[in-house]
Amino acid sequence: MLSLLPGVYNTIRSSYIYAYNHWLRLSLRTSNDYSYTKDYVTMHVRNWQVWLADWVGKPEVRFLEIGSHEGRSAVWFLQNVLTHPTSTLDCIDLFTGKGLEPRFDHNILKSGRRGQVRKHKGRSDAILPELPEAYFDVIYVDGSHRAADVLLDAALSWRLLKCNGLIIFDDYLWEMSKPAAQRPQIAIDLFLEAYALRLRVVHHGYQVVVQRTS
């Protein structure tokens, strides 16, 4: 009998999550406001305005975001950089948090630019190899905090980046007291060393920005 309990628990948990997400989707449809619970964007806006200035309003600009969470950064990119209707944003996320995917969908819809967004739900290491080579102008890496995941995202993203395009790494200085394997810094450092002859470091702070030169 006890052996059945985990299965029963998982079934109940899955049903609850489905019901909650369905309720949240219905609630958000009637909302005229964005639905955010955290702000990871405002502190970076001033830098983004400088780094991304060359792409503002241009046609056929291609952005890729690894780790979209509630869509707050995606909405900022859409409203402040990808303002030409032919520009696009690909968003990759597991969307496993409670109510996360409905909030993302709502916020992207609220932006008025849903047609410019391609949502990819799943693991980045499975999705990135399927994306077209040398296609993206800017890639924003903000998925996992684990060093191994960040390094893999960076390596898989390199093939997708156009020459002169940018990769923006978030959280270089995140939680410095944690073991190196549990935070992005060492992965970003290794990537910078491995590709040193093919990139230029544009910025090195809490976020690290590199430009592909060859």
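Read-outs: derived from the displayed coordinates by stated rules, not from any lab. These figures come from a predicted structure and were not determined experimentally. Don't worry about glycine lacking a Cβ; one is built from the backbone with ideal geometry, like all the others, and counts go over all protein chains shown.
Looking only at helices (runs of 4 or more DSSP H) that lie completely in region 33-118, which have at least 2 residues being buried (at least 22 other Cβ atoms within 10 Å of the Cβ)?
On the way: elements: 45-51, 72-80, 100-110.
In region 33-118, 72-80, 100-110 are the helices (runs of 4 or more DSSP H) which contain 2 or more residues that are buried (at least 22 other Cβ atoms within 10 Å of the Cβ).
Can you name every residue in region 119-137 that is part of a loop (DSSP other than H, G, I, E, B) and either among the aromatic types (Phe, Trp, Tyr) or buried (at least 20 other Cβ atoms within 10 Å of the Cβ) (or both)?
Our first condition is that a residue be part of a loop (DSSP other than H, G, I, E, B); within region 119-137, this holds for 122-123, 131-135.
135, the sole residue that qualifies.
Inspect all residues belonging to region 138-156 and state whether any of them is outside any strand (DSSP E or B) and at positive phi. Outline the logic, then answer.
Kept after step one, since they are outside any strand (DSSP E or B), are these residues of region 138-156: 142-156.
Subset that is at positive phi: none.
No.
Please find, within region 169-194, the residue that is surrounded by the most Cβ atoms within 10 Å (Cβ to Cβ) out of those that are of a type outside the set (D, E, K, R), touching a strand residue (DSSP E or B) at 6+ places or on another chain (Cβ under 8 Å) and not in a helix (DSSP H, G or I).
Ranking the candidates gives 184 first.
Looking at region 138-167 only, could you name the residues that are among the polar types (S, T, N, Q) and buried (at least 16 other Cβ atoms within 10 Å of the Cβ)? Before you say what the answer is, go through the steps one by one.
As a first pass, look at region 138-167 and keep what is among the polar types (S, T, N, Q): 144, 157, 164.
Hits for region 138-167 are 144, 157.
Starting from region 77-95, keep only residues that are under 22 Å from residue 153 (Cβ atoms), then list their pairs with residues that are among the acidic types (Asp, Glu) whose Cβ atoms are within a distance under 6 Å, requiring at least 6 positions of separation or different chains.
Qualifying pairs under 6 Å: 91/65; 95/101.
When you look at residue 209, is it free of Cβ contacts under 8 Å to residues at least 60 places away in the same chain, in a strand (DSSP E or B), in contact with a Leu (Cβ under 9 Å, 6 or more places away or on another chain) and within 26 Å of residue 61 (Cβ to Cβ), yes or no? Give the steps one after another, and end with the answer.
On the way: free of Cβ contacts under 8 Å to residues at least 60 places away in the same chain: no; in a strand (DSSP E or B): yes; in contact with a Leu (Cβ under 9 Å, 6 or more places away or on another chain): yes; within 26 Å of residue 61 (Cβ to Cβ): yes.
No, not satisfied.
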